[in-house]
């Protein structure tokens, strides 16, 4: 059977978009109650499901854990074969099930009540046995699946995923979860580097950071830059405060018009009042400054405008921020 592929794909997206749109009309006291119930729990959030819905449950558990809410995934079928021992009376259990009436569910629910854990359900059947045992029911029912046979979970899993995300994000904001908290749970990879790495962690110091006084000759400054294998030198006054920077670009510009450049005082040819970054600034923010100003190197200063390091675009590259 031939079909218009693009037309059918659009129909699938329309069905799933409608499934999510209908969820907005169902938000109310129960949703607020679910968020508050999770906030008050002294234990963990145990998220359970099986099949395609179980995959959505795993995603919700992972999202909660990564945003500061201790959580674990419990396969509904495995729960009645020993894994129920993971659940305590101080936990909140969230069960995702479209039908809410599987055989495993019928065995599991009385046991959860015996343990004493709270129960939140995301179900497409608000009158199911799962709903009857739940402290809070979130209705994620859909008018129809995108599957033409009505068999493969499509719109129903999309609705469950969207409701789960809404729950996790509202919980995140209700807890006052901040970027620094997020970084704590994501220390690895590019995301962790962007959120945790500071300028002082990667800046050049000591011999790799040429700092010269403003009365030095250009020839002396060039020697300092070469010795440090840097692309610039930071210029300071007698009190040690930043006055300017002398870069390869400054050298090229002045060489064209000044044959006596090497005998000039560096204060006469340096770039005055250069852009700076602070040592306690996030490296990602420093990178944005370098990119916006289209420069390759920038002095790193403390709160008193005293140079403490040098940051080169190559340092950011080696740190994996570019």
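Here are some notes:
- Gyration tensor (alpha-carbon) shape descriptor, the stretch 96-166, a/c threshold 1.5: prolate
- Cα gyration tensor shape of the stretch 199-318, rounded if a/c is under 1.5, else prolate or oblate by comparing a/b with b/c: prolate
- Rg/Rh for the stretch 283-322 stands at 0.98; both radii use Cα atoms, and Rh follows the Kirkwood definition.
- Convex hull volume per residue for the stretch 1-111, taking Cα atoms only, in Å³: 151 Å³
- Simple label model, 7 Å out from Cα along Cβ direction - residue 265 to residue 294, nm: 3.2 nm
- Among (i) 20.7; (ii) 22.0; (iii) 24.3, the entry that matches Kirkwood radius over Cα pairs in Å as calculated here: (iii)
- When the helices of the chain are scored as -39500 (n - 2.57) per DSSP H run of n ≥ 4 and the total is divided over every residue, the value at 222 nm lands at -13500 deg cm²/dmol.
- Gain on full extension, evaluated as 0.36 nm per residue between residue 257 and residue 66 minus their Cα-Cα distance, stands at 62.9 nm.
- With Cα atoms, 0 to 90° folded angle of helix 283-293 axis to the chain main axis: 60 degrees
- Relative contact order (%) - the chain, alpha-carbon pairs under 8 angstrom, separation at least six: 14 percent
- Between the alpha-carbon centres of the stretch 7-64 and the stretch 252-322 there is a gap of 49 Å.
- Cα→Cβ-extended label distance, 7 Å offset, between residue 205 and residue 314, nm: 2.0 nm
- A straight chain from residue 223 to residue 101 at 0.36 nm per residue would run longer than the Cα-Cα distance by 36.0 nm.
Coordinate-derived values only; no laboratory data. As the structure is a prediction and not an experimental result, all values here were calculated from the model. Neighbour counts run over all protein chains shown; Cβ positions are idealised from the backbone, glycine included.
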